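Values in this text are rule-based calculations from the coordinates and carry no lab data. Here the structure is a predicted model, which means the values were calculated and not measured. Glycine gets a Cβ as well: all are built from the backbone with ideal geometry, and neighbour counts include every protein chain shown.
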Amino acid sequence: MKPDQINELSYFATLSDTEIRSDLISGHIKNENDYTSNFTGAFRRNINSHTQTGLVATSMLLDSNNEQKMGCDATIIITSGSRSKVAIFEAKWPRLSKKNYQWDYPQTSTGLSHYSDQLNRQKKHKDNLAIFEMFYCEYKFKKQPLYMCDYVSSCIWHDDAMMKK
């Protein structure tokens with residue numbers, strides 16, 4: 001991708017995520033899946049409606065079969081001319097404002113945590129897809145814990161998440 005396309009993608013991702021985080025803060029988002037659906041839709045619409053660099057976006061929540069197989073919630077496909085980039089991501093809403101909220105739990109089949117199991121399933125696709133983890137935050141802007149982003153979700157590339165687990 002050209003530098004101006006990367007800048008445009010970054011701008012639309014920031015705009016879309018800020019809009020949906022605002023909805024979360026205001027109580028208009030019901031759950032993690034609702035945020036993911038709203039974010040991917042806003043991102044797709046912002047790109048397709050306002051691109052100045054010729055990008056085209058497709059996005060969707062993964063069906064339950066692919067979600068379980070890949071360990072991710074959604075996909076975003078960005079096309080420029082005849083070339084496409086495919087990203088998948090796992091969304092987490094750890095509800096940091098709720099004391100002792102358990103956002104992860106042990107898997108009975110593997111003995112790993114559910115999130116660790118998802119990371120392992122993602123690993124199979126890391127050579128072909130861009131994979132990242134997206135953590136939602138319900139705190140008001142600039143009121144979140146210091147390790148979270150001020151206006152958007154906190155994201156980490158899959159490879160970095162694997163090193164930290």
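Among what's in segment 69-89 and is more than 16 Å from the chain's Cα centre (by Cα) and among the polar types (S, T, N, Q), pick the residue that is nearest to K126 (Cα to Cα).
Our first condition is that a residue be more than 16 Å from the chain's Cα centre (by Cα); within segment 69-89, this holds for 69, 79-84.
Cutting the leftovers down to among the polar types (S, T, N, Q) gives us 79-80, 82, 84.
On the way: T79: 19, S80: 22, S82: 22, S84: 16 Å.
Ranking the candidates gives S84 first.
Please pick out the residue among S37, S59, S64, S16 that is touching a Phe, Trp or Tyr at 6+ places or on another chain (Cβ under 7 Å), under 23 Å from Q118 (Cα atoms) and not β-branched (V, I, T).
Values: S37 fails: touching a Phe, Trp or Tyr at 6+ places or on another chain (Cβ under 7 Å); S64 fails: touching a Phe, Trp or Tyr at 6+ places or on another chain (Cβ under 7 Å); S16 fails: under 23 Å from Q118 (Cα atoms).
Sole residue among the options that is touching a Phe, Trp or Tyr at 6+ places or on another chain (Cβ under 7 Å), under 23 Å from Q118 (Cα atoms) and not β-branched (V, I, T): S59.
How many residues are closer than 30 Å to S109 by Cβ, in a strand (DSSP E or B) and of a type in the set (A, V, I, L, M, F, W, C) when one looks only at segment 50-76?
4
In segment 136-147, how many residues are in contact (Cβ under 8 Å) with a residue 40 or more places away in the chain and within 16 Å of I20 (Cα to Cα)? Break it down stepwise before answering.
So the first thing to find is which residues in segment 136-147 are in contact (Cβ under 8 Å) with a residue 40 or more places away in the chain, and the list is 136-141, 144-145.
Those still in the list that are within 16 Å of I20 (Cα to Cα) too: 136-141, 144.
So the answer is 7.
Tally time: how many residues in segment 33-62 are under 21 Å from Q5 (Cα atoms) and surrounded by 18 or more Cβ atoms within 10 Å (Cβ to Cβ)?
Adding up the residues that qualify gives 10.
Can you say whether I25 is among the β-branched types (V, I, T) and under 17 Å from the mean Cα position of the chain (by Cα), as far as the supplied structure shows? Can you show your working first?
Working: among the β-branched types (V, I, T): yes; under 17 Å from the mean Cα position of the chain (by Cα): no.
So I25 does not fit the description; no.
Yes/no matrix, rows are residues, columns are (1) touching a strand residue (DSSP E or B) at 6+ places or on another chain (Cβ under 7 Å); (2) among the hydroxyl-bearing types (S, T, Y):
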{"site": "S37", "(1), (2)": "yes, yes"}
{"site": "F43", "(1), (2)": "yes, no"}
{"site": "I47", "(1), (2)": "yes, no"}
{"site": "L55", "(1), (2)": "yes, no"}
{"site": "L61", "(1), (2)": "yes, no"}
{"site": "N66", "(1), (2)": "no, no"}
{"site": "K85", "(1), (2)": "yes, no"}
{"site": "N100", "(1), (2)": "no, no"}
{"site": "W103", "(1), (2)": "yes, no"}
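Looking only at segment 71-94, decide whether some residue is touching a Lys or Arg at 6+ places or on another chain (Cβ under 7 Å) and touching a residue at least 40 places away in the same chain (Cβ under 8 Å).
yes
Have a look at E32, E67 and point out the one that is out of contact with any Pro (no Cβ under 8 Å at 6 or more places or on another chain), charged (D, E, K, R) and in contact (Cβ under 8 Å) with a residue 40 or more places away in the chain.
Working: E67 fails: in contact (Cβ under 8 Å) with a residue 40 or more places away in the chain.
Among E32, E67, only E32 is out of contact with any Pro (no Cβ under 8 Å at 6 or more places or on another chain), charged (D, E, K, R) and in contact (Cβ under 8 Å) with a residue 40 or more places away in the chain.
Select from segment 90-102 the residues that are over 23 Å from D63 (Cβ atoms), surrounded by 14 or more Cβ atoms within 10 Å (Cβ to Cβ) and not charged (D, E, K, R) and list them in ascending order.
Going residue by residue through segment 90-102, those that are over 23 Å from D63 (Cβ atoms) are 94-102.
Now narrow it down to the ones that are surrounded by 14 or more Cβ atoms within 10 Å (Cβ to Cβ): 94-96.
Result: P94, L96.
Do you know which residues across segment 116-165 are in contact with a strand residue (DSSP E or B) (Cβ under 9 Å, 6 or more places away or on another chain), over 20 Å from T40 (Cα atoms) and among the hydroxyl-bearing types (S, T, Y)?
If the condition is that a residue be in contact with a strand residue (DSSP E or B) (Cβ under 9 Å, 6 or more places away or on another chain), over 20 Å from T40 (Cα atoms) and among the hydroxyl-bearing types (S, T, Y), then Y147 is the only one that fits.
Among the residues of segment 78-123, what is the count of those that are in contact with a helix residue (DSSP H, G or I) (Cβ under 7 Å, 6 or more places away or on another chain) and β-branched (V, I, T)?
Final tally of qualifying residues: 3.
Free of Cβ contacts under 8 Å to residues at least 12 places away in the same chain and within 28 Å of S97 (Cβ to Cβ): is that true of G27 in this structure?
On the way: free of Cβ contacts under 8 Å to residues at least 12 places away in the same chain: yes; within 28 Å of S97 (Cβ to Cβ): yes.
Here the answer is yes, as G27 does meet what is asked.
Take segment 124-164 and flag every residue that is in contact with a helix residue (DSSP H, G or I) (Cβ under 7 Å, 6 or more places away or on another chain) and among the basic types (K, R).
Answer for segment 124-164, where residues must be in contact with a helix residue (DSSP H, G or I) (Cβ under 7 Å, 6 or more places away or on another chain) and among the basic types (K, R): K126, K140.
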